[in-house]
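Q: Once you've had a glance at the structure underneath, I'll fire off some questions.
The values are calculated or read from the model by the stated rules, or taken from the named source; none is laboratory data. In this text the structure is predicted, and so the values were computed from the model without any measurement. Quick reminder, even Gly has a Cβ in these numbers, built from the backbone with ideal geometry, and neighbours come from all protein chains shown.
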Amino acid sequence: MEWFNKLSNGLLQYSVPATMWWKVPSTVTVQILGEKAPSPGPIDNQSGQASIKVARHMKVLVTAPDNPDEFNIAPESDTQLEQYVPEDGPTTWHFSVTPRYTAKAQKLIVQAWVIYDANTQRELPVYRAAVNVHVPGIGECIKRLFEGDPDYWLKYGLPGGAGFIFISGVVTGLWKLARRKKNQTPQPTTG
């Protein structure tokens, strides 16, 4: 691939929120600067950057390959997956990322490709980011139920959901504590 070896290096910068809220969309931003673009400094809340090969046409994706159903990921309205990257400026991609489940250290990856023509492209190295998905409290869960989000309650509050497990643990602990206190109470003696 002689065309690939002739490509110059530009800069890839990305911003992935370290914490996301369950079922609430967050924006992941990826910016690629052409080989002659002046250094603009970091983007807002930058998570990482790397020197990469750049071409006039590039494609960017954000995915969660380890657990593909953990997130709903879609380009935002201002973003097409394949875009033109000028040699002296930046091009930006925005992705809406909505966690479908609560979890810690979920992995999102940023992938970029340089495109030569409709049939020839080459993937560049992959960049990883860890995301913690906020586990809501029972108060937030009840609030969302009353706001008309029963799906939230089904996944969180019913048996098998994270909130149900927490609440049942608290109730069991209180029940055991009450039994222990009852057993420690001196019994009156009859004489």
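Q: How about segment 63-96: which of its residues are modelled with pLDDT of 95 or more, under 15 Å from the mean Cα position of the chain (by Cα) and among the hydrophobic types (A, V, I, L, M, F, W, C)?
A: Ile73, Ala74, Phe95
Q: Would you mind listing the strands (runs of 3 or more DSSP E) fully within segment 1-61 where at least 2 residues are more than 19 Å from Gln80 (Cβ to Cβ)? Show your work before the answer.
A: Values: elements: 9-15, 19-21, 26-33, 48-53.
So the answer is 9-15, 19-21, 48-53.
Q: Of the residues Ala118, Ala112, which is free of Cβ contacts under 8 Å to residues at least 24 places away in the same chain and small (Gly, Ala, Ser)? Write out each step before concluding.
A: Numbers: Ala112 fails: free of Cβ contacts under 8 Å to residues at least 24 places away in the same chain.
Among Ala118, Ala112, only Ala118 is free of Cβ contacts under 8 Å to residues at least 24 places away in the same chain and small (Gly, Ala, Ser).
Q: Turning to a different aspect of this structure: Across segment 1-42, which residue is surrounded by the fewest Cβ atoms within 10 Å (Cβ to Cβ) among those that are among the aromatic types (Phe, Trp, Tyr) and within 11 Å of the chain's Cα centre (by Cα)?
A: Step one: filter segment 1-42 for residues among the aromatic types (Phe, Trp, Tyr), giving 3-4, 14, 21-22.
Add one more test, that the residue is within 11 Å of the chain's Cα centre (by Cα), and what stays is 21-22.
Values: Trp21: 16, Trp22: 21.
Only one residue tops the list, namely Trp21.
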